[in-house]
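Here's the structure, in structure tokens; my notes come after.
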Amino acid sequence: MKMQQTTTTFLQFLFSLQLLAFQHHHFISSVSAQSSAPVAVEQQQEEHCSVDGSCYFDILNDDSSDDDDEEEDSSDVDNNDYETDIIIDNLYSFLTTQRYTLPLKTLERSHLRTTHPTALHYTLSHSGNYSDSSITKAGSSQWVGRTLNAQIASDPTYTTFGSLLDIVTSGAHGGRQDTLRWMSTLFHRRELVQYHGEENEDEARYIKPCRIDLLDDNDEQPFMKQCLLGVAVEEVVSVVSNENVNEEEEEGERKRLWAEEQMRRLGYPSNKVEVVSSLNEVKEGTLFDTIIVNGLPVQNNSNGGKEVVDLKLEHVIQTYLKPGGIMYVFGEGPLVNEEYSIENNGPGEQVFGDILDLLDSVKSLSGVHPQKPPTASFIHRTISRMGLNVVTSTTFPTSYSYDDVTSYLEEAVEWIDELDTQRVSQDMKKSYYQMCLNLLDRVEDLKEAGYEEVDTGGYEYMIAAQLPKNDSDHDDDDDAHAAVLPTVETPTPYQPKEKYQADQDPNVEHLLFPPLAPGVMETYKWANGDAYDGLSARIGIPPQLKDTVIEYVKGLGIWDIILDTMKPENQMRPDSTKILTVKSPYSGQNFTWSAKRPDNFYGTSSDMHWFDAADEASHEEALRALAKGGFDEVLNAIGTYLGLDHLVSFSIGILAVTKADKGYVHVDFSKSGKKAANFLVNLQTPSDEPELTVIEEDDVGNRRRAQVKYSNEVGILNGDDAMHATNECNHRATGGVRITASIFISQLEKASLKQVAEHDRYYFPFGNMDWIFAQRGRHWNKEGTASMLDDKGRKPFEPVDAIEGCEYRVGENKEECMVHGEVRMNCYKTCGFFKDDSEYRPGEERKVVSADLPI
């Protein structure tokens, strides 16, 4: 995209240059002040900036925050919990919407690798094993399971920086915004992992801490699909300014007070943070687990050059770093990498180089020598010479916008404006002004030509180095960093961390399928004995159950409707629904059922249709069919095996399919506490091929896969986190239809109610939680006083329309009640989908209330 055209600032700048070319006056001083581009500020130019060029009062004006300073200053919040929520929300925004800087994220990754140096090797060496104790290869060569270095959601492992010394040196680049916010996230990292924004409140999705082997950490996915690095800190001592002889004492004190205020506003715990003006104020003899050096002094030949850097690093290491501790050094390399520029010297790079040369030339006339920061290679070598093991050494390329480029030209203008006319002639100043004008023209030409940025090989860097332990220190296992990683030989450019490519199409494995007697339940086990990690089981069914259900469905006329609907020429379009009117084979009463063909999700392809009871009358009669088929044995098996208190069954649903090229891998329930499940009973299968695919997925997305063949003696239970899909099939050549009964079962409690209600809110009972909760415990309990055979029905329930005006909305003959849409899903009472209690008679046995039924 082409850069924005000349701004008002540039017009003012150009006008000033042209005016001076004729009148030999100084530049209008407002040029730089009005510019929106960043300016390299000298100590004397802005009283709110420090001697190192770091402007401190911008921390709360970051783009990621919706609150400006005035709002925060004027607010007087008495509720500490509310104030904490605001802090967490702002820190969350920093980590998500702003993308905290790559150097800081790389620091966290380096810290995890240093603390757990063998984690990745251990995981990869076990990749392909079913478990720690087995050497049998899994279906996927990448299978790592859910135990190897994975985080436990209820009790995750956090890596700590321990005691941290944060040193801001005179070379710190870009102020303190990112570092201060980032350190606050360390204190609140556990809260941030459990935090979910308002946009995710319904789903209650929580960020998880990354595995300690970092297999699930990457730069490719959107943040909400990423993990958060599990790092924390115990205490922080922050040095807010360098011990610079040119800095007045009150300046250091001012910055200290400012830092304390910002830390308070960012939620730092006051009892774990100390702020000092200079390094000399750190308590003598204090050693730290971690030291962060934020920038090193920019040097020139007149003040000692590289020797000053050597002395500062040596002093910090010898005085403050604990043996086994880690020092992280941040910095910014030279603006122009001469070796890089030779090979990549385009027109933008050329004009930027000319501007920097002009700036150095003008500064030299005022007695200021050109300054160059130390390179990453020099810092790397220096740290290595001091006996530290460099474990990470990464550079981050920096590109400059044309606003950045122009800011250096504006700085040159300011220096020209301040030149002493007794030392420099007006003609020379005029010549410099004319060079500025020419350079500005070149910048504008490049912008108009579509150039967007300049790449001169400049970079930031982050170097991590560990101080080896002395022999006498090896017995202390409590140090924050005890392990040592291999030495990195030289700085290397940052490479984005790619997403781990999980194997989601593994070979088919076998599950153990022993014979089961009616009423016996057994959860899945893989052939090598591993337990399946979801709630899936096989249950022996009564011999009459299948035939009873088929007889009832055929009596309703649903069976013939299914066979006719599943003919290729009659199938419904994906994501469509129609309402069916059927007649009871028992009472002759008219019922409504629904037929739906779901959409094909995420590239799946299947012609599966669903057929379900669509009002309370049809629901109740289907329950009597289940009672006749001996479903009490199934409920008793489930309740007893899982140690539940009570259960209820919900009607009969029918699944039909003739062709599936790729089934939809999904779970029916999750986080219900094993109190909600779906039970499948085979009614008809046209071939000997397996009907169901069973999936287990490890922590990084690798899968194990098995296939299940339905039988007439066993039903399949799918509960929490039981991943499954319709197996591939094609019965159209023979005209066959695979038909399966689906029965939802639940121990209804507050914890499982929402799971059941939201399983399918668009069809009866339309997610009506009052009606659903009225069903609780009616079909089985551990005391043995409830059963389907002696079912006493639901609790009292009074239906209420969910929207107003239903008497008009339903139509003259209530025709809208038979159309799947807003009216049908909300006008419960007016449409008569639920029985009135006077007719339903809660608390009485169903075989008494409906004496015309066969059971």
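With a Förster radius of 25 Å, plug the Cβ-Cβ distance of Asp445 and Glu418 into 1/(1 + (r/R0)^6) and report the FRET value to the nearest 0.05.
0.30
What does the extension gain come out to for Lys525 and Leu287, with contour length at 0.36 nm per residue minus their alpha carbon separation?
80.4 nm
Testing the spin-label approximation: label points 7 Å from Cα along Cα→Cβ at Val848 and Asn570. State their distance in nm.
4.3
List residues of the range 372-408, by number, whose backbone nitrogen lies under 17 Å from a label position 7 Å along Cα→C-beta of Gln495.
Those under the cut-off are 391-397.
The range 557-614 to the range 377-444: how many Å between their Cα centroids?
73
In the calculated pair distance distribution of the range 554-713, what percentage of Cα-Cα distances lie above 26 Å?
Tail of the P(r) past 26 Å holds 38 percent of the pairs.
How charged is the neighbourhood of Ala725? Take every other residue with its Cβ under 10 Å from the Cβ of Ala725, and add Lys/Arg as +1 and Asp/Glu as -1.
Here the count lands on +1.
With the cut-off at 1.5 for a/c, could you classify the range 632-713 from its C-alpha gyration tensor as rounded, prolate or oblate?
Oblate is the answer for the range 632-713, as a/c is 1.5 or above yet b/c matches or exceeds a/b.
Taking amide H atoms as placed 1.01 Å from N in the peptide plane, list the residues 5 or more away in sequence, or in a different chain, whose amide H sits under 5 Å from that of Ser649.
Close amide H contacts, sequence-distant or interchain: His779.
Quantify, in whole percent, the carbon and sulfur part of the accessible surface of the range 721-798 (1.4 Å probe; protein heavy atoms only).
49
On a 1.4 Å probe surface of the protein chains, which of Ser670, Ser651 comes out largest in accessible area, and what is the full order?
Ser670, Ser651
Spelling out what I want: for every residue of the range 490-506, take phi, set θ = phi - 60°, compute 6.51 cos²θ - 1.76 cosθ + 1.60 (Karplus), and round to whole Hz; glycine and proline get x.
Result, rounded to whole Hz: 7, x, 10, x, 5, 10, x, 7, 6, 6, 4, 8, 6, 8, 10, 9, x.
When 1/r is averaged over all different Cα pairs and the result inverted, which Kirkwood radius in Å belongs to the range 797-855?
12.9
With θ set to phi - 60° and the Karplus curve 6.51 cos²θ - 1.76 cosθ + 1.60, what are the ³J(HN,Hα) couplings of the range 729-746 in order, to the nearest whole Hz, using x for Gly and Pro?
With coefficients 6.51, -1.76 and 1.60, one gets 7, 7, 9, 5, 4, 9, x, x, 10, 7, 10, 9, 7, 10, 10, 7, 9, 7 Hz.
Which residues does a label at Asp599 reach in the range 552-582, if reach means a backbone N under 15 Å from a point 7 Å past the Cα toward the Cβ?
573-577
Which distance in nm do the two modelled labels at Asp310 and Asp89 give, with both placed 7 Å along the Cα-to-Cβ direction?
5.4
Would you mind checking which residues have amide H under 5 Å from Ser238's amide H? H placed 1.01 Å from N; only 5 or more apart, or other chain.
For Ser238, whose amide H was placed from the backbone, the distant partners under 5 Å are Asp166, Glu274, Val275, Val276.
Suppose accessible area is computed on protein heavy atoms with a 1.4 Å probe; arrange His779, His116 from highest to lowest.
Highest to lowest solvent-accessible surface, that is His116, His779.
Could you derive backbone 3J(HN,Hα) for the range 778-792 from the dihedral phi with the Karplus parameters 6.51, -1.76 and 1.60 (θ = phi - 60°), listing whole Hz in sequence and x where the residue is Gly or Pro?
Per residue, the Karplus-derived 3J(HN,Hα) values read 7, 10, 6, 8, 5, 7, x, 9, 10, 7, 6, 5, 10, 4, 9 Hz.
Let a ≥ b ≥ c be the square roots of the eigenvalues of the Cα gyration tensor of the range 494-630; is it rounded (a/c under 1.5), or, if not, prolate (a/b larger than b/c) or oblate?
oblate
Note down the accessible area of Ile550, probe 1.4 Å, to the nearest 10 Å².
Roughly 20 Å² of Ile550 is accessible to a 1.4 Å probe.
From the Cα gyration tensor of the range 707-855, with a ≥ b ≥ c the square roots of its eigenvalues, which class applies: rounded if a/c is under 1.5, or else prolate if a/b is larger than b/c, or else oblate?
Details: a/c = 1.75, a/b = 1.23, b/c = 1.42.
Note, shape of the range 707-855 comes out oblate.
Within 10 Å, count the other beta carbons around each residue, average over each peptide in 540-547, 103-110, 597-604, and list them highest first.
On the way: 540-547: 17.4, 103-110: 20.8, 597-604: 13.6.
Highest to lowest by the protection proxy: 103-110, 540-547, 597-604.
Ratio of alpha-carbon Rg to the 2.2 N^0.38 Å globular estimate for the range 431-571, to two decimals, please.
Against the compact-globule rule of thumb, the ratio is 2.49.
With no solvent and one point on each alpha carbon, what is the Debye value of log10 I(q)/I(0) for the range 561-650 at q = 0.18, 0.20 Å⁻¹?
After summing over all Cα pairs, the log10 values are -0.94, -0.99.
Expressed in whole Å with the largest first, what are the equivalent ellipsoid semi-axes of the range 610-666 derived from the C-alpha gyration tensor as the square root of 5 times each eigenvalue?
25, 19, 10
The values are calculated or read from the model by the stated rules, or taken from the named source; none is laboratory data. Computed from a prediction, not measured in an experiment: that's the story for all the values here. Using ideal geometry, Cβ is built from the backbone for each residue, glycine included, and neighbour counts are taken over all protein chains shown. Note: areas computed on protein heavy atoms with side chains; ligands, DNA, RNA excluded. Shrake-Rupley method; radii C 1.70, N 1.55, O 1.52, S 1.80 Å.
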